[in-house]
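Each remark here refers to the structure printed beneath this line.
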Amino acid sequence: MTLTLAIPSKGRLKEKCEALFAGAGLKLEQVNARGYRAAFAGLPGVEVLLLSAGDIAAALLAGDVHLGITGEDLLREAAPEIENRIALIKKLGFGQADVVVAVSNYWIDVSTMADLDDVCAAYAATHKKRLRVATKYANLTRAFFAHNGIADYRIVPSAGATEGALAAGTAEVIVDITTTGATLRDNGLKILDDGVILKSQANLAVSLTAEWDAEARAAAKTLLGKLGADFTTL
Amino acid sequence: MNASPYYKPAAIEALNRQAVTLLKLFAERFYAREEPSTLQPAALFLDRSGEEIRRRTFTLTDPSGRDLALRPDLTIPIAKRLVEEGRALPARISYNGAVFRHEPQAPEKPVQFFQAGVELFGEPDRAKGDAEILTLAIEALRAAGLKDFTLRMGDLGLFGALVDDLDLPPHWRSRLKRHFWRPGYVETLLDRIGHGAESSRLPADATAIEKLLDSQGEAPAAGRSRAEVIARARAEAAEVLKLDGNVAGAITRLLAISAPIETALAEIRALLKKAGIALDSELAAVEARLMVLKSLGVDPTKIEFNAHFGRSMEYYTGFVFELRTADGKTELAGGGRYDNLLELLGAPKPVTAVGCAIHTETLLAAVAP
């Protein structure tokens, strides 16, 4: 069967992927006019699908694609335990961003997760409701808060502009992605000292749930070899 | 087991027969059956139960956009109704119905199962309430035909009283109590306090704290008043954490005690005596429960007392227990005291609460010939 590789369909991640391929002597050629499918020139047996970064994680989990390039944050968020379903085989050195817990600078008494834990409990006792954490990373947040023993909170899903949730009054704490921290600072927010949940970057990932026949394996071996990735997991 | 159970005639009839037996016993003890709706407002569980229950709760949105949940237990909807109606206390309520829990770590476990249970609200005499529920739980299992079982018991009040005795700032006491059920966490926390790793970076001076807050520009208050922030900042800045090594060691060793109840009680007494701590009324409460169990003919060697047994359920506050199969492998019923729950649900003043839930399907499997 044809080997399928999913890469981001737009933005900086797509550009970085193209640069990565160019560096490995691979040239992407569009197969259809709308640009959602492509192939490598001179490398038969490999189909490249251009998907949104979030859909790539879901496709890898479901086994709909063999290989994918996307952010580790999105892969780890897609399911609580990905180890049996996806193998991260190469950090690609781009798309770096941290998933962090941030609170308002107004909370001068809060600088650690232990402080936040205190405030969560006090808030629940005083206000008779739980403190709200706005995030698009519900799974990562749950696991990290549980690891820090925090139970008195609730997650409110946030699709975008999470840094504005505190000013908008829709949440009291956020878990968000940041590269330089500038957006958080501009919104009067600070990252907790021990509040870095994940130091993420783009990863080359292998779906362990996809169907792998000899043909797909052989194509993957060639492609991964060119990209300098370890493929012993296959 | 299948994640979506399907009951054939023999199975559902056996389950119904057992339910009739259990509910008849509950009714004889003045616990009248009530049945909350299967679909509940999602906020009822999500606002008050914390993320652990939330993670295991099925939620859905109805066509008009309201968030609903399939009930993960019957205790909370029953307690909520009692609070809303401002009913006369004490109140005795029983139930039998399906509950729904998502099991992210065990996809093969059924997501729907039946529970029968009792709730005793507003009984001022806690020892009496504990004894009544414990007795009823054991009698229910016996009425269903169970001959042999083992017990696990604990008491969050014991640890709470110990922590209240410590010379620590209030929020540190609350922090220790809150994390009681997390293996290893309390020990680590005590160790950190003992080594002074928790000193504050905030200015000690009250004016400096106010100034610091004023210098935060447009930063959003995020749900907390100026007074709340300042009060906690001042408490943090002022705190001197120093814990007597003997006391910290005693707590850590107490939490490690897990033995047949009579051995455990002797160990706890020896430990407290050595550390110079008196917990007479709390220990008397544990002994009173042992007397109840003996009067019911339960062999004390079958009762394990586990000092850190607080269950990971977030609302328990005192006595906790689990009835298990003779081999100890399967939980048949579990319960305990949750004296904070009704206030969290909006009761104007504290209302005592103690109850127990029977896992009727595992019970039926345990008594099957």
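Basic side chains Lys and Arg get +1 at the Cβ, acidic Asp and Glu get -1 at the Cβ, and with that the dipole of chain B about its Cα centre reaches some 400 debye. Each principal axis of the Cα cloud of the stretch B:57-131 was taken in turn, and the coordinate range along them, longest first, works out to 41, 33, 18 Å.
In this Cβ point-charge picture (+1 for Lys and Arg, -1 for Asp and Glu), the protein assembly as shown has a dipole of about 680 debye about its Cα centre. Our coupling estimate for the stretch B:55-70, obtained by passing each phi through the Karplus curve with A = 6.51, B = -1.76, C = 1.60 and θ = phi - 60°, is 4, 9, 9, 7, 10, 8, 10, 7, x, 8, x, 7, 8, 10, 9, 6 Hz, Gly and Pro reported as x. Between A:Ala219, A:His147, A:Gly93, the Cα set farthest toward the positive side of the dipole of chain A (charges on each charged residue's Cβ, about the Cα centre) is that of A:Ala219. Over the Cα atoms of the protein assembly as shown, the radius of gyration divided by the Kirkwood radius equals 1.02; this is the Rg/Rh ratio. Which entries in A:Lys91/A:Lys136; A:Lys129/B:Lys329; A:Lys136/B:Lys177; B:Lys8/B:Lys329; A:Lys14/A:Lys190 show an alpha-carbon gap greater than 28 Å? The pairs that break the limit, which is 28 Å between Cα atoms, are A:Lys129/B:Lys329; A:Lys136/B:Lys177; A:Lys14/A:Lys190.
Sorted from greatest to least, the principal axis extents spanned by the alpha carbons of the stretch A:129-204 come out as 40, 28, 24 Å. Using the Cβ of A:Thr178 as centre and a radius below 12 Å, the other residues enclosed give a net charge of -2, where K and R count +1 and D and E count -1. Restricting the calculation to Cα atoms, chain B shows an Rg/Rh of 1.01 when the hydrodynamic-style radius is the Kirkwood one. Based on C-alpha pairs under 8 angstrom that are at least 6 apart in sequence, chain B has a relative contact order of 23 percent. Between B:Asn306, B:Ala275, B:Thr317, the Cα set farthest toward the positive side of the dipole of the stretch B:271-341 (charges on each charged residue's Cβ, about the Cα centre) is that of B:Ala275. Normalised by the number of residues in chain A, the mean separation of alpha-carbon contacts (under 8 Å, six or more apart) gives a relative contact order of 29 percent.
Per-residue ellipticity at 222 nm computed for chain B from its helices equals -14000 deg cm²/dmol, with DSSP H segments shorter than 4 residues left out and the rest contributing -39,500 (n - 2.57).
In plain terms, the bigger the Kirkwood radius, the slower the diffusion; for the stretch B:200-240, with that radius from Cα pairs, at 25 °C and 0.890 mPa s, Stokes-Einstein puts D at 231 µm²/s. Scanning residues 5 or more positions from B:Asp155 or on other chains, those with amide H under 5 Å from its amide H are B:Phe309, B:Val320, with H placed 1.01 Å from N in the peptide plane. In terms of surrounding Cβ atoms within a 10 Å radius of their Cβ, A:Thr4, A:Thr70 rank from fewest to most as A:Thr4, A:Thr70. Its relative contact order, with pairs defined as Cα atoms under 8 Å and 6+ residues apart, puts the stretch A:97-199 at 49 percent. Could you estimate the translational diffusion coefficient of chain A from the Stokes-Einstein equation, with Rh from the Kirkwood formula over C-alpha pairs, at 25 °C and 0.890 mPa s, in whole µm²/s? Reported coefficient: 128 µm²/s.
A dipole drawn for chain A from +1 and -1 charges on Cβ atoms has a positive end, and of A:Thr183, A:Pro44, A:Thr126 the residue lying farthest that way is A:Pro44.
Read the figures in this text as sums done on the coordinates, not as results from a lab. Computed from a predicted structure; not experimentally measured. Glycine gets a Cβ as well: all are built from the backbone with ideal geometry, and neighbour counts include every protein chain shown.
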